[in-house]
Amino acid sequence: MTHHDQPLKHSRRAPQNPFATVGRIALAIIVVLAVSSTSVAAIAVWQTVGRIKPGIQLAQLPGSTGVAVPSVGAIEGEVNLLLVGTDTRTNQGGAFSDSANQDASSGLGNNDVTMLLHVSADHTNATVVSFPRDLMVPVPKCPDPSGDGSSVAATDLAMFNTTLSRGGLSCTVLTVEKMTGLTIPYAAEISFDGVIAMSNAVGGVTVCLATDVTDSFTGLDLKAGNQTLVGDQALAFVRSRHGVGDGSDLGRISNQQVFLSSLMRKITSAGVLTNPLTLYSLANAAVTNMQLSTTLTDPTAMVAIALALKNISLSSMVFVQYPSVTDPDDVNRVIPNKSAALLLNTALQKNQPISLTGGTGVAAEADPSTTSTPTPTPTTAPTSTADTTGTPTGTASPTDAPTPTPSSTIVSLPTSVSGQTAAEQTCTVGNN
């Protein structure tokens, strides 16, 4: 199959039924599971354990043996966790239900928002990579989601956001593994209800708007300035595509990063971390509204990942858009920027921290009322000079491979790659 066979339209398509065509979930909230609600769960557990009085030794019947004490600690080595948001309407209530949207996605839905959380092996830095929905990539053979043991054939080129409906969560994981060269043992999926529940649990997220943001597709109508978003409104904000930036999916990614960075600053604030009710509500919202891989269903695994994350500073947590350029065969699609993607993939494989030299994306800008925490300055020269002239117009040469460097070296990504750290305070730019 080639990308010309794809029936799906690009993010700049003409307006259609808002709930049928723009029912896109933002996986931004799901990062709370990886970087926050798992941390929340761990913190809640350890706070509780710290208050337990010395135990009473129970008598045992002859021949009985004691129960082994489980070992709990930070997971060893790197962590790779794929976070997938589905636009399915199956079992979704209210305006998102199948009955209310005859053309809405049912079943598995599409993975219109996908993020990869990578925690370095030494647990000193983390990277969250957002993958564009319109990215054209090879898709490997995937297990059929029906569970009958059959497989879905590989294809040389398909739109990335079809991988979930094509072969379930495993297919999206396999595709990202093929793209990045990483092994991804953990994955989770969330839908509309989960996003709403988690935004409610944290008590809302305050975001900065550089301009008014209006999106008739999601029912969003916000004035410039600081706005606290919760519930349906938070969901509409992170789903919004037509209302932010240039109306494209790439703009939506930078808007989600504005939301994410603000969310992370709130989650790590004393007001949240010292409130047991908020902690437990957030952890409960994450666990009860997500489909987890079997590797995450063991609470010990969740806590172990959380403990690997708990000491990473906001300035060492980088949100980045997977490097892409316009498809020369179809201006309504994007393809990987080979040299920049190779640089990012290699840094992740080597557990090297990354530094952003580009901008925050078309839907975000620095908050002029605050002093943003800058991205760490590389201690050595950038490992590649690929794409340092700005946004590329075509596919970069795969020969621009990064030079191997020590694991402690910070890798500077080219200026064509957008993103921000969790410490940076940014504002959303509306599509005006």
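Once fully extended, how much extra length lies between T183 and T124, figured as 0.36 nm per residue of separation less the alpha-carbon to alpha-carbon distance?
Additional length available on full extension: 19.3 nm.
Non-local amide H neighbours of N110 (under 5 Å, H modeled in plane, Pro and chain starts lacking H): which ones?
D87, T88
What accessible area per residue, rounded to a whole number of Å², is obtained for segment 106-161 using a probe radius of 1.4 Å?
31 Å²
Given Cα pairs under 8 Å that are at least 6 residues apart, what percent is the relative contact order of segment 151-250?
It comes to 19 percent, rounded to a whole number.
So which trypsin sites (Lys or Arg not before Pro) in segment 167-245 are both in a DSSP loop and have at most 16 other Cβ atoms within 10 Å of their Cβ?
Qualifying residues, ordered by number: K223.
With contacts defined as alpha carbon pairs under 8 Å and 6 or more residues apart, what's the relative contact order of segment 205-358 in percent?
13 percent
What residues have an amide H closer than 5 Å to that of A158, excluding those fewer than 5 places away on the same chain, when H is modeled at 1.01 Å from N in the peptide plane?
V137, V139
Compute the Kirkwood hydrodynamic radius of segment 126-166, taking the inverse of the mean of 1/r over all pairs of distinct Cα atoms, and give it in Å to one decimal.
Result for segment 126-166 stands at 11.4 Å.
Under the Karplus relation 6.51 cos²θ - 1.76 cosθ + 1.60, θ = phi - 60°, what is the ordered set of whole-Hz ³J(HN,Hα) values for segment 170-180, x standing for Gly and Pro?
4, 5, 5, 4, 4, 5, 5, 4, 5, 6, 9
Work out the FRET efficiency for E76 and T288 from their Cβ-Cβ distance, taking R0 = 41 Å, and round it to the nearest 0.05.
About 0.90, to the nearest 0.05.
May I ask you to derive the relative contact order of segment 108-194, considering only C-alpha pairs under 8 Å and at least 6 residues apart, and to give it as an integer percent?
For segment 108-194, the relative contact order is 26 percent.
Using modelled backbone amide H atoms (1.01 Å from N, in-plane), which distant-in-sequence or interchain residues come within less than 5 Å of G358's amide H?
V417
More than 21 angstrom separation, counting every C-alpha pair in segment 134-240; what % is that?
Result for the distance tail: 54 percent.
Per the Debye formula with a single identical scatterer at each Cα and no solvent contribution, what log10 I(q)/I(0) holds for segment 104-183 at q = 0.17 Å⁻¹?
Summing over Cα pairs of segment 104-183 leads to -0.68.
The values are calculated or read from the model by the stated rules, or taken from the named source; none is laboratory data. In this text, all values refer to a predicted model and were calculated from it rather than measured experimentally. Methodologically, a virtual Cβ is constructed for each residue, glycine included, from the backbone with ideal geometry; neighbour enumeration extends over all protein chains shown. Note: accessible area is taken over every heavy atom of the protein model, side chains too, but ligands, DNA and RNA are not part of it. Shrake-Rupley method; radii C 1.70, N 1.55, O 1.52, S 1.80 Å.
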